[in-house]
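The values are calculated or read from the model by the stated rules, or taken from the named source; none is laboratory data. All of these numbers come straight from a predicted model, not from anything done at the bench. Here the Cβ is made from the backbone with ideal geometry for all residues, glycine too, and neighbour counts use every protein chain on show. Ligands, DNA and RNA are stripped out before the accessible areas are found, and what is left, the full protein with its side chains, is counted by its heavy atoms. Shrake-Rupley method; radii C 1.70, N 1.55, O 1.52, S 1.80 Å.
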Amino acid sequence: MKLKSFITCLAIASCAIASQAAAPKVIAHRGYWNVPGSAQNSIRSLVKADSIGCYASEFDVWMTPDSVLIVNHDPTINGIEIQRTPSAEVLKQKLANGETVPTLEQYFKAAQKLNTRLVLELKTHDSRKQETAALKKTLKLAKKYGLDERLDYIVFSKDAFKQYVKSVPKCSKVYFLNGDYVPAQVKYAKGAGIDYSLKVMKKHPEWIKDCHNRGLEVNVWTVNEPEDMQWCIDQGVDYITTNEPERLQKMLKK
Ligand code: MG
């Protein structure tokens, strides 16, 4: 092979490797729940996300008044408000797949045996005091189960975002969810990047490049339709959070 064609081949190969490396990573939103036998934020959904090789599985956390951390999206479960109800009552509640609502400790215990990363969203509580207590407890549990290296955090509140950045171990990343910080503000607050809704990102696609230029990452939620997945892929985002992880994996394989 002549030198010129060898260099051309090498250039094509490196471009292929570069574009492969730039493919977005798949994050299962509230676990992989959109399949028989699973339910949002159930242990099963975490196991399912891991079983199909998701890069990470996202989940939501609330704290009861007696300081038990509960994995659930909504503030209520079967009409019971988690942050105002003792854990004994909350933990009697069943999810749609028949599983009992999990504590964060049970969730972490299950995660220990798996490989997928964890993206923890602490929900906005009634007071900053509760949120601070929940954060402290979360960090303790993560350490207990040896999950620091596999755990990232996402948060809506600006105060909580700043507190998380200061408090989590260096190996964990903190992303801002609320959509109203420009990349420069996220960088200034020392966050790892933005985790914004598809609606916000479509309004501000220029933030993707802006983030990358500042060394920040971009995650987009909740992207379920093929055309939206393709838009995110074409824009070069780093992560896509989806209720349809297998659909996205198939698209990324093409
Ligand atoms: Mg969430």
Subject >> Share of carbon and sulfur in the accessible heavy-atom surface of the stretch 132-196 [1.4 Å probe, %] >> reply: 54 percent
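Apply the a/c threshold of 1.5 to the C-alpha gyration tensor of the stretch 45-168 and tell me whether it is rounded, prolate or oblate.
oblate
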**OP:** Report the extension gain between Ala96 and Ala184 in nm, rounded to one decimal, defined as 0.36 nm multiplied by the number of residues separating them, less their alpha carbon distance.
**Re:** 27.5 nm
**OP:** Tell me which residues come under 5 Å, amide H to amide H, from Glu217 once H is placed; ignore anything under 5 positions away on its chain.
**Re:** Gly193, Ile194
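Give me D for the stretch 97-170 in µm² s⁻¹, whole number, from Stokes-Einstein with Rh from the Kirkwood sum over alpha-carbon pairs, 20 °C and 1.002 mPa s. It would help to have the intermediate numbers written out before the result.
Values: Rh = 13.1 Å.
Stokes-Einstein gives a translational diffusion coefficient of 163 µm²/s.
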Subject >> Debye intensity ratio I(q)/I(0), log10, the stretch 109-254, q values 0.10, 0.14, 0.15, 0.21 Å⁻¹ (C-alpha model) >> reply: -0.36, -0.71, -0.81, -1.32
**OP:** Please give the FRET efficiency for Asn78 paired with Glu149, using the beta carbon to beta carbon distance and R0 = 30 Å, rounded to the nearest 0.05.
**Re:** 0.30
**OP:** Sort all Cα-Cα distances of the stretch 196-249 into consecutive 5 angstrom bins from zero, then give the percent of pairs in each bin up to the one containing the longest distance.
**Re:** 5, 22, 36, 22, 11, 5, 0
Subject >> Solvent-accessible area per residue, Å², over the stretch 55-210 with all protein chains present [probe radius 1.4 Å] >> reply: 47 Å²
Subject >> Estimated dipole of the chain in Debye, rounded to 20 [Cβ of Lys and Arg +1, of Asp and Glu -1, Cα centre] >> reply: 780 debye
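Efficiency by 1/(1 + (r/R0)^6): what FRET value for Asp66 and Lys254, r their Cβ-Cβ distance, R0 = 41 Å, to the nearest 0.05? Each step should come with its number before you reach the end.
Numbers: r = 50 Å, r/R0 = 1.21.
Approximately 0.25, to the nearest 0.05.
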Subject >> Spin-label pair Glu89/Ser51, simplified geometry with 7 Å Cα→Cβ offset, distance in nm >> reply: 3.5 nm
Original post:
Total Lys pairs in the stretch 73-151 closer than 17 Å by alpha-carbon, pairs eight or more apart in sequence or interchain only?
Top reply: 11
Subject >> Two-decimal Rg/Rh across the stretch 136-202, once Rg and the Kirkwood Rh are taken from alpha-carbon atoms >> reply: 1.01
Subject >> Helix axis angle, 128-144 relative to the chain longest principal axis, alpha carbon, degrees >> reply: 70 degrees
**OP:** Could you estimate the translational diffusion coefficient of the chain from the Stokes-Einstein equation, with Rh from the Kirkwood formula over C-alpha pairs, at 4 °C and 1.567 mPa s, in whole µm²/s?
**Re:** 68 µm²/s
Subject >> Carbon + sulfur, % of accessible area of the stretch 206-254 - ligands and nucleic acids excluded, 1.4 Å >> reply: 44 percent
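Find the all-direction average of the projected area of the Cα convex hull for the stretch 60-113, expressing the result in square nanometres with one decimal place.
3.6 nm²
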